[in-house]
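A short write-up of the structure that comes next.
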Amino acid sequence: MGLNAKGYSERNEKRILDAFNRGLLKEFPNPDRVGCPGSHLLERIASREMPLSEADKWLNHLGSCGPCYSEFLQFRAAHRTRRMQTMVAIAASILLVVGLASWAVVRHQKQQSIVAQTAVLDLRNRSLSRGGESNPVEPPLEVSREVKHLSVYLPLGSAEGPYEMRIATTAGGAVIATTADASLKHGVTSIEVVVDLSSASSGQYVFQFRRPNSEWNSYALLLR
Ligand SMILES: [Zn+2]
């Protein structure tokens, strides 16, 4: 194990500890602390701040001084506690960052899929098309078969209240048929419906809505 430019390795620390242990085992009480290097130096050795070359010249003293040994042990314990706290704090902040990043990714994916599963059928500027036939001049509405939630913006001036709504094949068979209440929000009368189009094949369909017992309004719809 190499010696760091600053501080020293575990093996070197063991050498110092051995010297201290001899000091303790021989029980040098040294109550007057004769020749002691002082707490600051002991702390620098214990926290490995002092190069071994500098610490070396104190080892003979430390090998024969019980008080220095017990002081060193206290400094070393405090240093290890601080180092452990630092490592725990670093580990915790890494976990926090990883956790936040995963949460952001999951949330982003969820939002993406919610966005992908929600579609707006905007009929506000479309001509009212009474009867079973849609207006052939207007381009068809388009909806993905992935869509699970439809917001239908009814033509301007449409009343609130119950509506029937369906998506039918061009032959007239309903793929989706439901009733829902239209409500006025921010000047738009809209119907919110949950749909499942996953079993329908893509192609041309007709989107229809009506007040109960009224005529259907029909719009060409392309399922993608
Ligand atoms: Zn001493």
For Val195, Val105, Val152, what ranking results if the residue with the fewest other Cβ atoms within 10 Å of its Cβ goes first?
Val105, Val195, Val152
Lys and Arg at +1, Asp and Glu at -1: add these up for the other residues within a Cβ distance under 12 Å of Arg83 and post the number.
+4
Under-30-angstrom lysine pairs by C-alpha in the chain, whenever the two are 8 or more apart or on separate chains:
8
In nm, to one decimal, how far is the Ala77 label point from the Leu100 one, both placed 7 Å along Cα→Cβ?
3.7
Mean separation of Cα pairs under 8 Å and 6+ residues apart, divided by the residue count of region 118-223: what relative contact order is that in percent?
35
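Determine the shape class of region 147-209: with a ≥ b ≥ c the square roots of the Cα gyration tensor eigenvalues, call it rounded for a/c under 1.5, and otherwise prolate if a/b is greater than b/c, oblate otherwise.
Note, shape of region 147-209 comes out prolate.
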Sum of -39500 (n - 2.57) over DSSP H runs of 4+, divided by residues of the chain (222 nm, nearest 500):
-12500 deg cm²/dmol
Every cysteine in the chain with no other Cys Cβ under 4.7 Å from its Cβ, please list them in numeric order.
Cys36
Hey, with R₀ at 25 Å, roughly what FRET efficiency would Leu184 and Thr118 work out to, going by the Cβ-Cβ distance, to 0.05?
0.80
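Only the coordinates and a few stated rules stand behind these numbers; no lab work does. Just so it is clear, the structure is predicted and the values come from calculations on it, not from any experiment. All Cβ positions, even for glycine, are placed from backbone atoms using ideal geometry, and neighbour counts span all protein chains on display.
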